[in-house]
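These notes concern the structure reproduced below.
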There are 2 protein chains.
Amino acid sequence: MQKPSIPRGTRDFGPEQMVRRNYIFDTIKAVYQKYGFSQLETPTMENLSVLTGKYGDEGDQLLFKVLNSGDFLSKTEATDYESGSKNLLPKISEKGLRYDLTVPFARYVVMHRNDISFPFKRFQIQPVWRADRPQKGRYREFYQCDADVVGTDSLLCEAEIIMMINEVFDKLGLKNFTIKFNNRKVLSAITEVIGAPGKETEFCVAIDKLDKIGKDKVIEELVERGFSSENLSQLDPIFATNQSIDDNLNFLKGFFAANETGQKGIQEIEEILTYLKGYSIDNPHLELDLTLARGLSYYTGSIFEVKANDVKIGSICGGGRYDNLTGVFGLKDVSGVGISFGVDRIYDVLEELNLYPESHASSLQAMIVNFGNESMMAGIKVMQALRLEGINAELYPDNAKMKKQMSYANNKAVPFVIVIGEDEIKTETYSLKNMASGEQESLKLEEVISKIKNSH
Amino acid sequence: MQKPSIPRGTRDFGPEQMVRRNYIFDTIKAVYQKYGFSQLETPTMENLSVLTGKYGDEGDQLLFKVLNSGDFLSKTEATDYESGSKNLLPKISEKGLRYDLTVPFARYVVMHRNDISFPFKRFQIQPVWRADRPQKGRYREFYQCDADVVGTDSLLCEAEIIMMINEVFDKLGLKNFTIKFNNRKVLSAITEVIGAPGKETEFCVAIDKLDKIGKDKVIEELVERGFSSENLSQLDPIFATNQSIDDNLNFLKGFFAANETGQKGIQEIEEILTYLKGYSIDNPHLELDLTLARGLSYYTGSIFEVKANDVKIGSICGGGRYDNLTGVFGLKDVSGVGISFGVDRIYDVLEELNLYPESHASSLQAMIVNFGNESMMAGIKVMQALRLEGINAELYPDNAKMKKQMSYANNKAVPFVIVIGEDEIKTETYSLKNMASGEQESLKLEEVISKIKNSH
């Protein structure tokens, strides 16, 4: 007899994990909806013609490909086989699993461009798949939680994203986090000012490693890539930590005195900050980090990244503005800005900081003990009365030993257990046990209901 | 430039569809939770060793198989290629897409049998994939919404399932539906009484076609399969329509006077009905349909099927009891009972009967018109004030033409639009337009908030 297993890098989510995951998903979803985003879902499988070439060579390798159904070899010849996997592939597979939510979103926008009323604000919460080598914290199936606005270049969208990040982490009870932001125009202008125009990508790739390898190694790498070490020394203020937003802006204003791209970058940052003042919130958790680069090459304006300061873990949220999301599918000039919450990391952060609310241990609120026959019929009546009051309740289905029934209630983390004995049927009073305190009371049905309802 | 498309038989769900689909999912989920079921999610990909052989030969054909990643031909030889798709398959593919929620659930139960506190009540709402020929109402990717209890043979579970079905369709506003139920022991006993013991499968397969081909053709098919036409004539009362539950039970009691299996079946039906009385609901929408058979071979006790009586469509919900769910994975004697709601069909039923609530057209409650500059900063303040009161609100991001902004609000089906002109900034009054009635009022901020809050 086979011992069943699941594929490497994939996970089952049991009841307790699901309650916590849903708590995170529901929080993010409620915030997205509050800010006017509408939900989209796209198919798990996309045509390989849509996916291939969108994530670089490495990404193409990491796509999960689905075999054509039926006799998949029927359109092949022996020479196809002999020419190897790469050449055989397009003849036996036309579909792949979704690799991220951005490309399917771009595909959707292009296919529905005549029906969509722009600006289009969509959010999407779905799993994606990558044939990466599984390791701690890296899975082959994981969820992404994206929100994007496309069809407007209004910087109000950037302010809204900063507000959404604040609201999500505030609702999740995370206090000590930092939203780092920057602007690709600033990074681009820096390369111009230090005499390396057009070398923005090399600059971003190197500076993106700052957290991992430190300033000296980054400078070393830049020098190796042909940047002038003398010019790089002008960047010292950029690497300085604990600078206020105003400090950084003052430095940039001097640095970009004669650079138009740089001035445009400053102006965008200042406009976002102006909008943010309109919301009048105490602490937007914002840091203008001039070394923030983000790996993805398609960003063209604002970029964001969020750190949980009390937990050693990568960024828990990230995003930015792009000017040409749908160009690859033939629709030009669709500017947009988006954000993505990393649910798996947020899950770990909340666990490490013990931030899950107690009431989320179970959705079941009361279990009624089953003594069989007459008590069972009385139990059904009580259960139904509780449910009519909106209480999640169940009657244990079998007349099992008390110990077994109580252990079931414990495992399910149900806060209240109700015992209906023979006397209690006669007197219509019920024994209500608070599983956390151990307290036990004899109560009328209305009292049972109000105790359970008021226990949150 | 390629024109992007999605794979045949798959669908994008845009904002309006998502609101309606979520309305159905949320309703079912809330009922499942009210009845003490906990959520489970399993990976999209399962090992083919888990999936293959569980759905019959046809099912194996309909599994979507995922190519091994990397150089998938590396473990193959030319002779494997020459021997055809079927022989090459196991060497290039080890994983497939989930085909239903039942087999992954059985796999989960077996893998976690030492951690699970039985009886285990789980629900699961996830997509499944079948490489079927796509046609109207049949998709290659669709959601299933299952709830199962395993580890108990208590017939209370059957009563609970009938109650859940009632509650789900009641909440969805569907009035005219019928829960047909029957018991496989009754069907099995019928074959014994009419002198065809052991021919239960043939009997069920034939009788399952009653709706499509009618009684005469069913009898014809049974005679062809070796049933005695004389004995079959004893079954006339079974085919009679509009029989009450009591009529049917009375007939069965006579018919099974000397048949033990039949008596057990009657006893199970009566026990379920006794439990149901305990809930004291007006109309359980129940019909004991002695010709209900259901195709799946693994049912061993109660079986259920739900029809929407006002819409021409197949069953919208179905399920039953099985005695050996996990046997195929080496865990014997796990009895259980389950139910599955067909979301795609329920979606169509609600649409045809116009049962979607008006308030579910959009989750956005108010849009603020953007006139740029000063009005924009005032707009941010109003938007933030609304959101702090829990109202889903947005400020149109650009200073676009009024017509464009109003058409955006219309498309998004937002119930209220707020206009903040120059005078209105000074007087701190705002123009609130009710988009349904066209009514427009000049109001203070608190009045705007209470109008929107009380509009449901």
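The values are calculated or read from the model by the stated rules, or taken from the named source; none is laboratory data. Computed from a prediction, not measured in an experiment: that's the story for all the values here. Neighbour counts are summed over all protein chains in view; Cβ atoms, including those assigned to glycine, are modelled from backbone coordinates with ideal geometry.
Within region B:21-57, how many residues turn out to be within 8 Å of chain A (Cβ to nearest Cβ) and small (Gly, Ala, Ser)?
Residues in region B:21-57 being within 8 Å of chain A (Cβ to nearest Cβ) and small (Gly, Ala, Ser): 3 in total.
Within region B:380-389, which residues are more than 8 Å from chain A (Cβ to nearest Cβ) and free of Cβ contacts under 8 Å to residues at least 60 places away in the same chain? Quick ask: steps written out before the conclusion?
Filtering region B:380-389 for residues more than 8 Å from chain A (Cβ to nearest Cβ) gives B:382-383, B:385-386, B:388-389.
Within region B:380-389, B:MET383, B:LEU388 meet the criteria.
Could you list all residues from region A:159-185 that are surrounded by 19 or more Cβ atoms within 10 Å (Cβ to Cβ), in contact with an Asp or Glu (Cβ under 9 Å, 6 or more places away or on another chain) and either assigned to a strand (DSSP E or B) or more than 10 Å from every other protein chain (Cβ to nearest Cβ) (or both)?
A:LEU174, A:PHE177, A:ILE179, A:LYS180, A:PHE181, A:ASN182, A:ASN183, A:ARG184, A:LYS185
For region A:1-20, give me the residue count where each residue is closer than 18 Å to A:TYR139 by Cβ and at the interface with chain B (Cβ under 8 Å from one of its Cβ atoms). Let's see the steps before the verdict.
Initial filter on region A:1-20 (closer than 18 Å to A:TYR139 by Cβ): A:5-14, A:17-18, A:20.
Still in the running and at the interface with chain B (Cβ under 8 Å from one of its Cβ atoms): A:5-7, A:10-14, A:18.
Selection size over region A:1-20: 9.
So that you can scan it fast, the table gives a plain yes or no per residue for (1) in a loop (DSSP other than H, G, I, E, B); (2) farther than 25 Å from B:PHE177 by Cα; (3) under 25 Å from the mean Cα position of the chain (by Cα):
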site	(1), (2), (3)
B:GLY254	no, yes, no
B:GLY262	no, yes, no
B:GLN267	no, yes, no
B:GLU270	no, no, no
B:GLY278	no, no, no
B:ASN283	yes, no, yes
B:LEU292	yes, no, yes
B:SER302	no, no, yes
B:VAL306	no, no, yes
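Yes or no: A:GLN61 within 17 Å of the chain's Cα centre (by Cα) and closer than 28 Å to B:THR42 by Cα?
Working: within 17 Å of the chain's Cα centre (by Cα): no; closer than 28 Å to B:THR42 by Cα: yes.
Judged against the criteria, A:GLN61 is not a match.
What are the pairs with Cβ atoms under 7 angstrom where one residue, in region B:84-96, is at the interface with chain A (Cβ under 8 Å from one of its Cβ atoms) and the other, located anywhere, is in a helix (DSSP H, G or I) and surrounded by 14 or more Cβ atoms within 10 Å (Cβ to Cβ)? Sequence gap at least six, or different chains.
Once the first residue is at the interface with chain A (Cβ under 8 Å from one of its Cβ atoms) and sits in region B:84-96, its partners that are in a helix (DSSP H, G or I) and surrounded by 14 or more Cβ atoms within 10 Å (Cβ to Cβ) give B:LEU88/B:ASP80; B:LEU88/B:TYR81; B:SER93/B:LEU48; B:GLU94/B:LEU48; B:LYS95/B:LEU48.
For B:SER315, indicate whether it is more than 30 Å from A:TYR279 (Cβ to Cβ), away from chain A (no Cβ under 14 Å), at pLDDT below 90 and surrounded by fewer than 19 Cβ atoms within 10 Å (Cβ to Cβ). Show your work before the answer.
Working: more than 30 Å from A:TYR279 (Cβ to Cβ): yes; away from chain A (no Cβ under 14 Å): yes; at pLDDT below 90: no; surrounded by fewer than 19 Cβ atoms within 10 Å (Cβ to Cβ): yes.
Criteria not met by B:SER315.
Is there a residue in region B:70-78 that is more than 9 Å from every other protein chain (Cβ to nearest Cβ) and either modelled with pLDDT of 95 or more or farther than 28 Å from B:ILE116 by Cβ (or both)? Full working, then the answer.
As a first pass, look at region B:70-78 and keep what is more than 9 Å from every other protein chain (Cβ to nearest Cβ): B:75, B:77.
Filter once more, so that each one left must be either modelled with pLDDT of 95 or more or farther than 28 Å from B:ILE116 by Cβ (or both): B:75, B:77.
Yes - at least one qualifying residue is present in region B:70-78.
Within region A:44-75, how many residues turn out to be in contact with a Pro (Cβ under 8 Å, 6 or more places away or on another chain) and farther than 26 Å from A:ARG345 by Cβ? Please lay out each step first, then the result.
If we filter region A:44-75 for residues that are in contact with a Pro (Cβ under 8 Å, 6 or more places away or on another chain), which is where we start, we get A:44-50.
Now restrict to residues that are farther than 26 Å from A:ARG345 by Cβ: A:45, A:47-50.
Of the residues in that region, 5 qualify.
Within 7 Å of chain B (Cβ to nearest Cβ), among the hydroxyl-bearing types (Ser, Thr, Tyr) and free of Cβ contacts under 8 Å to residues at least 24 places away in the same chain: does that describe A:TYR108? I'd like the intermediate steps shown before the answer.
Working: within 7 Å of chain B (Cβ to nearest Cβ): yes; among the hydroxyl-bearing types (Ser, Thr, Tyr): yes; free of Cβ contacts under 8 Å to residues at least 24 places away in the same chain: no.
Spelling it out, it is not the case that A:TYR108 is within 7 Å of chain B (Cβ to nearest Cβ), among the hydroxyl-bearing types (Ser, Thr, Tyr) and free of Cβ contacts under 8 Å to residues at least 24 places away in the same chain.
Among the residues of region B:198-224 satisfying the criterion of being outside any helix (DSSP H, G or I) and either farther than 23 Å from B:LEU249 by Cβ or β-branched (Val, Ile, Thr) (or both), which is modelled with the lowest pLDDT?
B:GLY198
Looking at (1) within 13 Å of chain A (Cβ to nearest Cβ); (2) farther than 22 Å from A:SER280 by Cβ; (3) at pLDDT 95 or above, can you tell me which one B:HIS360 breaks?
It is condition (3) that B:HIS360 fails.
Working only within region A:240-250, note down all residues that are at pLDDT 90 or above and more than 16 Å from A:PHE181 (Cβ to Cβ). First the steps, then the outcome.
Of all residues in region A:240-250, those at pLDDT 90 or above come to A:244-250.
The one that is at pLDDT 90 or above and more than 16 Å from A:PHE181 (Cβ to Cβ): A:ASN250.
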